[in-house]
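Beneath this line is the structure, given in structure tokens, with notes to follow.
The values are calculated or read from the model by the stated rules, or taken from the named source; none is laboratory data. This structure is a prediction, so every number in the text was calculated from the model and none was measured. For neighbour counting, all protein chains shown are included, and Cβ atoms are generated from backbone atoms with ideal geometry for every residue, glycine included.
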Amino acid sequence: MRLMKQLSLLVGVGMMAVLPLSAAEVTLKGEIADKVCITKDKANKGADHHDCNASCLKKGQQAVLITDDGTIYALAGSFTENKNAKLLDLVGKPVEAKGETSEKDGMKVLTASSIMAAK
């Protein structure tokens, strides 16, 4: 019986070690852009680069959020469905995005639960 309790405890602790902790929701401020454009040159954003970013995003290219401090997050989740349709009106404008962050293949990712024009 004692052995069973010890094994149960070890299995429980082991499971805790492999299960990911749920990420807390964060709020980030920045701007929506196309990953390719912004990777080439971080200046490829804002009103001056709106048409290029919007054109690439309409084709389904990877959308990113460039935060005010220059950090780039690949956007994931429902906002990127249908070739970024929900993002197109926000390209090149200040936005506030909420969601959970993670990292994939060396890139920060924001799985957005909401993205709206910043006030």
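Does T27 count as exposed (fewer than 11 other Cβ atoms within 10 Å of the Cβ), modelled with pLDDT of 90 or more and either in contact with an Asp or Glu (Cβ under 6 Å, 6 or more places away or on another chain) or hydroxyl-bearing (S, T, Y) (or both)?
It is true that T27 is exposed (fewer than 11 other Cβ atoms within 10 Å of the Cβ), modelled with pLDDT of 90 or more and either in contact with an Asp or Glu (Cβ under 6 Å, 6 or more places away or on another chain) or hydroxyl-bearing (S, T, Y) (or both).
Among the residues of region 47-65, write down those that are surrounded by 14 or more Cβ atoms within 10 Å (Cβ to Cβ) and in contact with a helix residue (DSSP H, G or I) (Cβ under 9 Å, 6 or more places away or on another chain).
Answer for region 47-65, where residues must be surrounded by 14 or more Cβ atoms within 10 Å (Cβ to Cβ) and in contact with a helix residue (DSSP H, G or I) (Cβ under 9 Å, 6 or more places away or on another chain): H49, C52, N53, A54, C56, L57, K58, Q61, Q62, A63, V64.
Within region 71-85, work out how many residues are at positive phi and crowded, with 16+ Cβ neighbours inside 10 Å.
Residues that pass the stated criteria total 2.
Inside region 86-110, can you point out the residues that are buried (at least 18 other Cβ atoms within 10 Å of the Cβ) and out of contact with any His (no Cβ under 9 Å at 6 or more places or on another chain)?
Matches in region 86-110: L87, L90, V95, A97, G99, V109, L110.
Which members of region 35-46 meet the condition of being buried (at least 17 other Cβ atoms within 10 Å of the Cβ) and in a helix (DSSP H, G or I)?
K35, C37, I38
Pick from region 59-100 the residues that are under 23 Å from A43 (Cα atoms) and among the hydroxyl-bearing types (S, T, Y): which of them is nearest to the chain's Cα centre (by Cα)?
Y73
When you look at I66, is it within 22 Å of G106 (Cα to Cα), in a strand (DSSP E or B) and in contact with a strand residue (DSSP E or B) (Cβ under 8 Å, 6 or more places away or on another chain), yes or no?
yes
Can you name every residue in region 75-96 that is in contact with a Ser or Thr (Cβ under 9 Å, 6 or more places away or on another chain), assigned to a strand (DSSP E or B) and within 15 Å of I38 (Cβ to Cβ)?
L75
Name the single residue, out of those in region 31-50 being at pLDDT 90 or above and among the acidic types (D, E), that is farthest from A118 (Cα to Cα).
For region 31-50, the residue satisfying everything is D34.
Return the residues of region 99-117 that are part of a strand (DSSP E or B) and charged (D, E, K, R); say none if nothing qualifies.
E100, E103, K104, K108
Looking at (1) in contact (Cβ under 8 Å) with a residue 24 or more places away in the chain; (2) under 11 Å from the mean Cα position of the chain (by Cα), which is the only condition E103 fails?
Failing condition for E103: (1).
Of the residues that make up region 11-24, is at least one modelled with pLDDT of 75 or more, out of contact with any helix residue (DSSP H, G or I) (no Cβ under 8 Å at 6 or more places or on another chain) and exposed (fewer than 12 other Cβ atoms within 10 Å of the Cβ)?
So far as region 11-24 goes, yes, one or more of its residues are modelled with pLDDT of 75 or more, out of contact with any helix residue (DSSP H, G or I) (no Cβ under 8 Å at 6 or more places or on another chain) and exposed (fewer than 12 other Cβ atoms within 10 Å of the Cβ).
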